[in-house]
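Here the structure comes first, spelled out in structure tokens, and everything after it is commentary.
The values are calculated or read from the model by the stated rules, or taken from the named source; none is laboratory data. Bear in mind that the values here come from a model prediction, so they are computed numbers and not experimental data. Here the Cβ positions follow ideal geometry from the backbone for every residue, glycine too, while neighbour counts run over all protein chains shown. In case anyone asks, the SASA skips ligands and DNA or RNA and just uses the protein heavy atoms, side chains included. Shrake-Rupley method; radii C 1.70, N 1.55, O 1.52, S 1.80 Å.
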Amino acid sequence: MMPLRGRGGAAVREKFIEALIFTSAPIVVLIFVAILAYIFANGARVITLEFLLSTPRLAGMEGGIFPMIVGSVYVVAVCMLFAVPLGVGAAIYLAEYASENIITSTIRFFIDCLAGVPSIVIGLFGLTFLVHFLKLGYSILAAGVALAFMILPWTVRVSEEAIKAVPRSYREASLALGATKWTTIRRVVLKSAMPGIVTGVLLGLGRAIGETAVLLLTLGSAASAFIPTSPLDSAGTLPVLLYVLATQGNTADAYARACGVALVLLAMFLVVNIFALYVRNRYIKRYEGL
Amino acid sequence: MESEKLVEKLLLAAAASAIFIVFFIIVFMLRESLPVFLEYGADFVFGMTWKPAEASFGILPMIVATLLVSGLALMVATPLGVACAIFLAEYAPPLVRNVVKPVVEMLVGIPSVIIGFFGLMIIVPFLRTHFGGYGLCLLAGGLTLAIMTLPHIVSISEDAIRAVPRSYREASLALGATKWTTVRKVILPSAKSGILAAIILGLGRAVGETMAVLMVVGNPETPWIPTSLLDPIRPLTSTIILEIEYALWGSMHERSLFAIGVVLFAIVAILNLIAVRVIKRGVMA
Amino acid sequence: MVKTGDKIETRNLNVYYGNFHALKNVSLKIPERKVTALIGPSGCGKTTFLRCINRMIELTDGARVSGEVLLDGMNIYDKDVDVIALRRRIGMVFQQPNPFPMSIYENVAYGPKIHGVRDKRKLDEIVKESLERAALWDEVKDKLHENALKLSGGQQQRLCIARALAVEPEVILFDEPCASLDPISTAKIEALIRELSRDYTIVIVTHNMHQAARVSDYTAFFMLGELIECGSTPQIFEKPRDKRTEAYITGRFG
């Protein structure tokens, strides 16, 4: 009969390996906490109401970042204007109308392809197609549309999952009442899937806010002091300003300002993402409650 | 009924938009870059000299730089990321996992310009102080890029590990296997293809990543093949961003930047295809 | 009733899942080298009880155990008991056949290997012997290196039994081992359990009363987390002392 106690050497080695695994997670967490802490600590010092709400002077070396905040919001809004209808429309088609055939599998294949295109290539495409070929110029419209191409696959995927998660019985109940397919989708399916779709859209938005390479290629890198009005205006944006300050600033003051810009950008990213998590959690709870 | 049909047509058009976008991307990228490939052919991809002013467009040093910096990033991020995924999937209490996993997924989308900025402010000065040189170098790029790909690897690997059926764990534990033995002999082999796919996808992401690398690798005037971790490098993506502004529109220089984009796209596409293969094979086995 | 000595004994065993009291003060003796069947309606705690014997219960989030489980007189819930050593001595076969996604050979060799057997010849021997004891050898001897997932459900379950035997346990726990199998495979497993009871102490959870009657020497009846009655199988089935046992046996609930 074997004893029930003690295993000796092997156990020690295992404990060592497990200790390594256990330390890996804190290391990963620590890296990102360090990044956030660095940006919060240094950024908070430069952020004043004036910094947020006035226009820049000396190519962004002095003054505020208000036009860039407006520019970022403007570009992302244009992006959403294109990405949301296209993405949700595609998702509805794939989830509700399409039978699994050659057309849908082709569509899916191309959505996956688009997801695999590096953002810098999307930027180059935006530059030749939107800026030059369609003669939109370096503009908010060109940048917004290019960003929309970038996040489209993401929006489709998340929305389709949300739509597919709506119980079949809801659809049948509505159809049995004599509602048409589109009425059923609009009134019942989309309504139930809305939190999931909103989550997807928000996550896409979070990604669009911080994208830089696409903007450098479709909006230029000017630290513009003008507050953009028309979608055909060029504009400064937060990520581009951060890039310019960080790589061309070269003074302690410029770096401090860069931290301020990074903090504003990061705050926008975090707010959007945390809101997305919040919506998703509420939605999960509601379904679990059923 | 008419409007029902119309709606369906509109939705189909939305769905098909992805096909047109990809098609247009390919057509327009080729339209810009074809003259370069026609004129320089293999010399473009395998040429060693990049001097646009003298009409020399060889990008091999940049391809090597991109692959080196991405490979280095993966060498750092993979052990850490997979270990973290094992921790989250197998060891972490549910409470910890439920907090950390969504945060990691959120970090997948963190703006790369912020990571690049952090690299420039912290990693570069650190390397400069402790190893000499300018600090803007291959190693700085590798480390910054590792941070960028880390959440990606953790997230996908964790999904792969969690997808291993619970019954495998129970069978192994019931035979008196320890937790680590179970992980090493049963769970990881079963999750192998998923983890491998995560690494390859991470590599693809690293190759296509622009800002996090651009800001910390130095980008010397003449691209070259580095001989040390502390050499500055000039990857493919940096060249596009740095030179697009002063390349004359319509010039061979401008077109060669688009050709770099095509090469980049090709590398990423090949990596993605390999990843898909790996996943499929994993499902079959 | 001839007793051969008790291999396992539980004393005032209680299990809670959060606030739910899943097992209430169960004290049961399990005789050595006999088959003991645990029966009762779903949710009665029989599987919970089984998973307490090899401490697999600890894998369930939020499960708390109090009381004692004695293996050869020693409480397995003592602080210094190594759960790994315990599970080597108490094998388990699950409801769904769960071979690893490896070859047949690797499945059986897995246990001996993780417990330190390195010698190839020795491993070959263990694999052959275990498969023979699990009555599977003749069916698989020519395809030992094929993926175990290609076997039929019944073969997979016998492979899982062989895998459990390969670590030379003293006790084998069966958790509804035939729940997902066809009648022919079920008959093979049952015959095998009878055969194995000559060398091993066997505890089997089953919802199938006929199966309990066919394979077991002793039967324990559980209901709502309580042990209602236990005794020799003929006694339980022919002369149950408790009304609830009788009601269950005669099919009035469950």
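In square angstrom, rounded to the nearest 10, how much accessible surface does C:F20 have for a 1.4 Å probe?
So the heavy atoms of C:F20 present about 120 Å² to solvent.
Please give the Cα centre distance for the stretch B:182-250 versus the stretch B:38-108, rounded to the nearest Å.
What the calculation gives is 4 Å, centre to centre.
What would the Debye formula give as log10 I(q)/I(0) at q = 0.20, 0.29, 0.31 Å⁻¹ for the alpha-carbon point model of the stretch B:69-122, no solvent?
-0.90, -1.10, -1.12
At 7 Å along Cα-to-Cβ for each site, give me the label-to-label distance between C:A191 and C:E132 in nm.
Distance between label points: 1.8 nm.
How far apart, in nanometres, would the label points at A:A267 and C:D119 be if each is projected 7 angstrom from Cα along the Cα-to-Cβ direction?
The answer from the label model is 7.2 nm.
Please identify the DSSP H helices in chain B that span no less than 15 Å along the helix axis (Cα) and have a mean Kyte-Doolittle hydropathy of 0.0 or more.
Helices meeting the criterion: B:2-40, B:60-86, B:94-107, B:138-162, B:188-208, B:252-284.
As a quick test, which of the pairs C:K122/C:K143; B:K192/C:K46; A:K191/B:K9; C:K46/C:K122; A:K164/B:K101; C:K120/C:K141 have an alpha carbon distance above 26 angstrom in this structure?
Too far apart for the 26 Å limit: B:K192/C:K46; C:K46/C:K122.
Per residue, how much accessible area does chain A show when a 1.4 Å probe rolls over the protein heavy atoms, in square angstrom?
45
Mind checking which of B:A174, B:A146, B:A77 has the largest fluctuation in a GNM of chain B, springs on alpha carbons under 10 Å?
For chain B, modelled as a Gaussian network with Cα springs under 10 Å, the answer is B:A174.
Treating the beta-carbon of each Lys and Arg as +1 and of each Asp and Glu as -1, no other charges, what is the dipole magnitude of the protein assembly as shown about its Cα centre, to the nearest 20 debye?
It works out to roughly 1820 debye.
Using a basic spin-label model with each label point 7 Å from the Cα along Cα→Cβ, how many nm lie between A:E100 and C:Y16?
Once both label points are built, they end up 4.7 nm from each other.
Find the eigenvalues of the gyration tensor of the Cα atoms of the stretch B:1-96, then list the square roots of 5 times those eigenvalues as equivalent ellipsoid semi-axes, largest first, in whole angstrom.
Equivalent ellipsoid of the stretch B:1-96: 39, 37, 7 Å, largest first.
Can you sort B:L248, A:L124 by solvent-accessible area, 1.4 Å probe, largest first?
B:L248, A:L124
Keeping every protein chain present and rolling a 1.4 Å probe, give me the accessible area per residue for the stretch C:1-91 in Å².
42
Amide H of C:E226 versus every other amide H placed in the peptide plane: which residues, excluding those fewer than 5 positions away on the same chain, fall under 5 Å?
Under 5 Å from the amide H of C:E226: C:K24.
Can you work out the PRE-style zone for C:S152? Point 7 Å along Cα to Cβ, and I want the residues of the stretch C:82-103 with backbone N under 19 Å.
Output list for this probe position: C:96-99.
Is it possible to state the helix-based mean residue ellipticity at 222 nm for chain B, with each DSSP H run of 4+ residues giving -39500 (n - 2.57), the sum divided by total residues, to the nearest 500 deg cm²/dmol? What is it?
Computed ellipticity for chain B at 222 nm equals -24000 deg cm²/dmol.
Plugging the Kirkwood radius over Cα pairs into Stokes-Einstein for the stretch C:77-116, at a temperature of 4 °C and a viscosity of 1.567 mPa s, what D comes out in µm²/s?
107
Excluding A:S54 itself, what net charge comes from residues whose Cβ is under 15 Å from its Cβ, given Lys and Arg +1 and Asp and Glu -1?
Around A:S54, the charge tally is 0.
What part of the accessible area of chain B, given as a whole %, is carbon or sulfur when the probe is 1.4 angstrom?
70
What does the buried accessible surface come to for A and C, summed over both chains, with the probe at 1.4 Å? Round to 100 Å².
1000
Please report the base-10 log of the normalised intensity I(q)/I(0) for the stretch A:49-289, using a Debye sum with one equal scatterer per alpha carbon and no solvent, at each q in 0.13, 0.17 (1/Å).
-0.84, -1.18
How are the C-alpha pair distances of chain C spread across 5 Å bins, as whole percents from the shortest bin up?
Cα pair-distance distribution for chain C, in percent: 1, 6, 13, 17, 19, 16, 13, 8, 4, 1, 0, 0.
So, for the stretch B:63-284, what is the accessible surface per residue at a probe of 1.4 Å, expressed in square angstrom?
I get 36 Å² per residue for the stretch B:63-284.
Label the stretch C:37-122 by shape, choosing from rounded, prolate and oblate, from the square roots a ≥ b ≥ c of the eigenvalues of the Cα gyration tensor; if a/c is under 1.5 it is rounded, and otherwise prolate applies when a/b is larger than b/c, oblate when it is not.
It comes out oblate by the Cα gyration axes.
Please report the spacing between the Cα centers of the stretch C:79-98 and the stretch A:155-183 in Å, no decimals.
When both Cα centres are located, 47 Å separates them.
For chain B, the longest stretch holding no GluC sites (Glu not before Pro) located in a DSSP loop with at most 13 other Cβ atoms within 10 Å is which?
B:1-220
Would you work out the charge dipole size for the stretch B:63-284 about its Cα centre, treating the Cβ of every Lys and Arg as +1 and the Cβ of every Asp and Glu as -1, and quote it to the nearest 20 debye?
Once rounded to the nearest 20, the dipole reads 1020 debye.
List the residues of the stretch A:118-153 that lose 20 Å² or more of accessible area once all protein chains are present, compared with their chain alone (1.4 Å probe, heavy atoms only, no ligands or nucleic acids).
A:P118, A:I120, A:V121, A:L124, A:F125, A:L127, A:T128, A:F129, A:H132, A:F133, A:F149, A:L152
Among residues other than C:D182 whose Cβ falls under 14 Å from its Cβ, what is the net charge (Lys/Arg +1, Asp/Glu -1)?
That sum, taken over residues with Cβ under 14 Å, equals +1.
From the cross-link list C:K7/C:K79; C:K79/C:K128; C:K34/C:K239, which pairs have alpha carbons spaced over 32 Å apart?
C:K79/C:K128
Taking R0 as 41 Å, what FRET efficiency do you get between B:A266 and B:V96 from their Cβ-Cβ distance, rounded to the nearest 0.05?
Approximately 0.50, to the nearest 0.05.
Relative to the isolated chain, which residues of the stretch C:114-137 have their accessible area cut by 10 Å² or more in the presence of all protein chains (1.4 Å probe, heavy atoms, no ligands or nucleic acids)?
Those are C:I114, C:H115, which lose 10 Å² or more relative to the chain on its own.
Could you pull out which residues in the stretch A:180-221 have an amide N less than 16 Å from a spot 7 Å beyond the Cα of A:R282, following the Cα-Cβ vector?
Within reach of a label on A:R282, which here means backbone N under 16 Å from a point 7 Å along Cα→Cβ, the stretch A:180-221 contributes A:191-203.
Given B:A174, A:S24, C:H210, which one lies farthest toward the positive end of the charge dipole of the protein assembly as shown, if we put +1 on the Cβ of every Lys and Arg and -1 on the Cβ of every Asp and Glu?
C:H210
Could you check how much of the accessible area of the stretch A:49-289 is carbon and sulfur, as a whole percent, using a 1.4 Å probe?
Taking all protein chains in place, the stretch A:49-289 shows 67 percent carbon and sulfur surface.
Could you pull the Cα extents of the stretch B:63-284 along its three principal axes, largest to smallest, in whole Å?
For the stretch B:63-284, the Cα spread along each principal axis is 68, 41, 31 Å.
Got a number for the accessible area of C:K34? Probe 1.4 Å, square angstrom, nearest 10.
Solvent-accessible area, nearest 10 Å²: 60 Å².
How big is the accessible area of C:R33 in square angstrom, nearest 10, if you roll a 1.4 angstrom probe over the protein chains?
Probe radius 1.4 Å; accessible area of C:R33 about 120 Å².
As a check on your grasp of the helix formula, calculate [θ] at 222 nm for chain C: sum -39500 (n - 2.57) over DSSP H runs of n ≥ 4, divide by the residue count, round to the nearest 500.
Roughly -10000 deg cm²/dmol at 222 nm, from the helical runs in chain C.
Write down Rg/Rh for the protein assembly as shown, rounded to two decimals, with Rg from the C-alpha atoms and Rh from the Kirkwood relation over Cα pairs.
Taking Rg over the Kirkwood Rh, I get 1.06.
Shape verdict for the stretch A:166-289, please, from the Cα gyration tensor: rounded (a/c under 1.5), prolate (a/b greater than b/c) or oblate.
Prolate shape, in that a/c is at least 1.5 and a/b is the bigger ratio.
A plus B alone minus the pair: what accessible area, both sides summed, probe 1.4 Å, in Å² to 100?
6400
Could you tally the net charge around B:T66, taking each other residue with its Cβ under 14 Å from the Cβ of B:T66, Lys/Arg +1 and Asp/Glu -1?
Cβ neighbours under 14 Å give a net charge of +1.
Test of the criteria: in the stretch C:183-216, which trypsin sites (Lys or Arg not before Pro) are in a DSSP loop and have at most 12 other Cβ atoms within 10 angstrom of their Cβ?
C:R198
Accessible area, 1.4 Å probe, largest first: how do B:W180, B:W249 sort?
B:W249, B:W180
Tell me which aspartates and glutamates have Cα within less than 20 Å of A:K15's Cα, excluding those fewer than 8 residues away on the same chain?
The qualifying aspartates and glutamates are B:E90, C:E58, C:D80, C:D82.
Put +1 on the Cβ of every Lys and Arg and -1 on every Asp and Glu Cβ in the stretch A:49-289; which of A:G87, A:A258, A:A142 then has its Cα farthest towards the positive end of the dipole?
Checking the options against the dipole of the stretch A:49-289, the answer is A:G87.
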